[in-house]
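J.: Sharing a structure here in structure tokens format.
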Amino acid sequence: MVYKHGEWTLYKRDVKLKGGKWQTIYFFSRRTPKSGEPCDLPDGYEVGVNKRTGLPFLRKKR
């Protein structure tokens with residue numbers, strides 16, 4: 001299931017860090033990005049919205 005917040009869709013992408021370790025990053029986009037795949041909201045996270053810009057972001061649940 002794909003998570004949407006208004007017109008923003010949540011995507012994820014695996015990136016390789018300098019130390020050789022792989023990490024998953026999550027980001028919101030209105031358009032389809034060059035790399036990344038749509039995903040569901042990860043467990044233990046909730047969506048916040050920046051008051052100034054209106055951009056959604058992920059944060060850990062309290």
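J.: Being among the aliphatic types (A, V, I, L, M) and either farther than 23 Å from ARG62 by Cβ or in contact (Cβ under 8 Å) with a residue 40 or more places away in the chain (or both) is the filter here; which residues of the range 11-48 pass it? Don't jump to the end; show me each part of the working.
T.: First, pick out the residues of the range 11-48 that are among the aliphatic types (A, V, I, L, M): 15, 17, 25, 41, 47.
Result: VAL15, LEU17, VAL47.
J.: Being on the phi > 0 side of the Ramachandran plot, surrounded by 10 or more Cβ atoms within 10 Å (Cβ to Cβ) and not charged (D, E, K, R), is that true of even one residue in the range 41-55?
T.: So the first thing to find is which residues in the range 41-55 are on the phi > 0 side of the Ramachandran plot, and the list is 44, 54.
Restricting the remaining residues to those that are surrounded by 10 or more Cβ atoms within 10 Å (Cβ to Cβ) gives none.
No, that holds for no residue.
J.: Take the range 47-58 and flag every residue that is part of a strand (DSSP E or B) and more than 15 Å from LYS12 (Cα to Cα). Don't jump to the end; show me each part of the working.
T.: First, the residues of the range 47-58 that are part of a strand (DSSP E or B): 47-49, 56-58.
Passing the criteria: GLY48, VAL49.
J.: Something else now. For the range 43-53, which positions are of a type outside the set (Phe, Trp, Tyr) and within 19 Å of GLY6 (Cβ to Cβ)?
T.: Taking the range 43-53 first, the residues of a type outside the set (Phe, Trp, Tyr) are 43-44, 46-53.
Of everything in the range 43-53, those that are of a type outside the set (Phe, Trp, Tyr) and within 19 Å of GLY6 (Cβ to Cβ) turn out to be GLU46, VAL47, GLY48, VAL49, ASN50, LYS51, ARG52, THR53.
FYI, it's all coordinate maths here, none of it is from the lab. Everything numeric in this text was worked out from a predicted model, so none of it was measured. Don't worry about glycine lacking a Cβ; one is built from the backbone with ideal geometry, like all the others, and counts go over all protein chains shown.
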